[in-house]
1. Of the conditions (1) crowded, with 21+ Cβ neighbours inside 10 Å; (2) modelled with pLDDT under 95, residue 400 satisfies every one except a single condition; which number is it?
2. Can you confirm whether residue 511 is outside the structural domain of residue 292 (by TED's automatic domain parsing) and over 22 Å from residue 319 (Cβ atoms)?
3. Looking at this structure, is residue 199 in the same structural domain as residue 72 (by TED's automatic domain parsing) and out of contact with any strand residue (DSSP E or B) (no Cβ under 7 Å at 6 or more places or on another chain)?
4. Report yes if residue 489 is farther than 30 Å from residue 378 by Cα and either without any contact (Cβ under 8 Å) to a residue 12 or more places away in the chain or in the same structural domain as residue 173 (by TED's automatic domain parsing) (or both), otherwise no.
5. Is there a residue being under 26 Å from residue 348 (Cα atoms), outside any strand (DSSP E or B) and in contact with a strand residue (DSSP E or B) (Cβ under 7 Å, 6 or more places away or on another chain) anywhere in region 435-458?
6. Give region 103-127 a look and list any residue that's part of a strand (DSSP E or B) and within 26 Å of residue 82 (Cα to Cα), or say none.
7. Residue check: is residue 46 at pLDDT below 90, assigned by TED's automatic domain parsing to the domain that holds residue 182 and within 17 Å of residue 222 (Cβ to Cβ)?
8. Within the bounds of region 256-273, is there any residue that is in the same structural domain as residue 221 (by TED's automatic domain parsing), without any contact (Cβ under 8 Å) to a residue 40 or more places away in the chain and either surrounded by fewer than 24 Cβ atoms within 10 Å (Cβ to Cβ) or more than 21 Å from residue 383 (Cβ to Cβ) (or both)?
């Protein structure tokens, strides 16, 4: 599935620019940093490579637990100068030859291609291919890659690079005779996946450490991958990975099943070597530049620009929560306390092309990503980080789970979850879903400065059991407003498309954030999702 060059460049720059940023950008309230993957010198050697005995996830976990008991060794990243000094355009000119893809000549549903190191990807990861539980390192040759102008191919033919920047798996998503990109692992512990019909957008990470805290953020890296060679009848591909960071070591297991909605069954086992202030489980990273509830100051012909438009949570009780995203003027943090939630994720709900008008980026086709928890996750917090950005290149939205139990040295941690990537990741529901949030000045909008301390909110609800009600049906809003604000007016009205709109006018009493919460009820029964919104003095 190909996209225009400008869209590809935008996507690549998002990863590369972020990869070059330092963790200090968090405290400055700028775009989320993404660092390239950095293997430890001993990555893979201590656990596999010369062994001819079965190697399991338990074996990998034990090796990572042992590694965590040892002092952290910084990676020794050494690349030939011609590789280390590649510019963006030069690095982009190096392409993996599709005919060299692993398993291309064999019957089966998966192919593997590698990414060449260089540019911001100066550190490499190793790939081991397993058959019958025995894994051996696969070393890619210089001839596996094509070196296009302005590069001189002869400068690369004799080079030996022990690892690669990352890899991608291809599978037939759209039709049986064409292998689309399915999942890409590239840079630190970042990876992205696609469901049928979608285009790359938001990313996932293996782990987040001290994100949006006063401490320096760490970017754990996948330093080695152990990939089971797929058999002809396999409908899923199984991947294990080593995770390394100064604060911990970890073992990951991914089982990836392509489809209309691609699923990744994930288990992570973490072994802290030090106490960690904030541990983010199942972190998601996305971009929100501007949209319907967050007007842009730029003269842009497009009405909206974002990879995701909201944070979605399903509580243990079954209550569904929708928190629209925004691009704040200052760093914004939201903490939503939960007890073993059923799911959370960053979704792109708006699928109407006319709301974006971008024929290249096609934001209407960016995938949603839902994390479905497996087992009891206990008490904790879904944390949402919104970072100011003046460009769609920057990934400025982060969401993750922070366990209430602190990560302490020597105490293992394990979480399992299912990731769902695609255009539609939510199950059908009888509840009305929130399809739009619109924000403007309060009072008479035609009179500038009428009431600068008030805002008018219009929240659209569509679908569910209330969709076919008569226009005069009595729907009651349940509105929770904190003590630093007061409700001036509210009303529920019918929308032309059959949905319903809740309109609110609220006045703030101080400069502190106002946390709003509303939902709809009828006959004392909840009939909609819960809408959450953080109104700050700068929005």
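The values are calculated or read from the model by the stated rules, or taken from the named source; none is laboratory data. None of the values given here were measured: they were computed from a predicted structure. Quick reminder, even Gly has a Cβ in these numbers, built from the backbone with ideal geometry, and neighbours come from all protein chains shown.
1. (2)
2. The answer is yes for residue 511.
3. When the stated conditions are applied, residue 199 passes them.
4. Spelling it out, it is not the case that residue 489 is farther than 30 Å from residue 378 by Cα and either without any contact (Cβ under 8 Å) to a residue 12 or more places away in the chain or in the same structural domain as residue 173 (by TED's automatic domain parsing) (or both).
5. There is no residue in region 435-458 that is under 26 Å from residue 348 (Cα atoms), outside any strand (DSSP E or B) and in contact with a strand residue (DSSP E or B) (Cβ under 7 Å, 6 or more places away or on another chain).
6. The answer is 112, 113, 114, 115, 118, 121, 125, 126, 127.
7. yes
8. Looking through region 256-273, at least one residue is in the same structural domain as residue 221 (by TED's automatic domain parsing), without any contact (Cβ under 8 Å) to a residue 40 or more places away in the chain and either surrounded by fewer than 24 Cβ atoms within 10 Å (Cβ to Cβ) or more than 21 Å from residue 383 (Cβ to Cβ) (or both).
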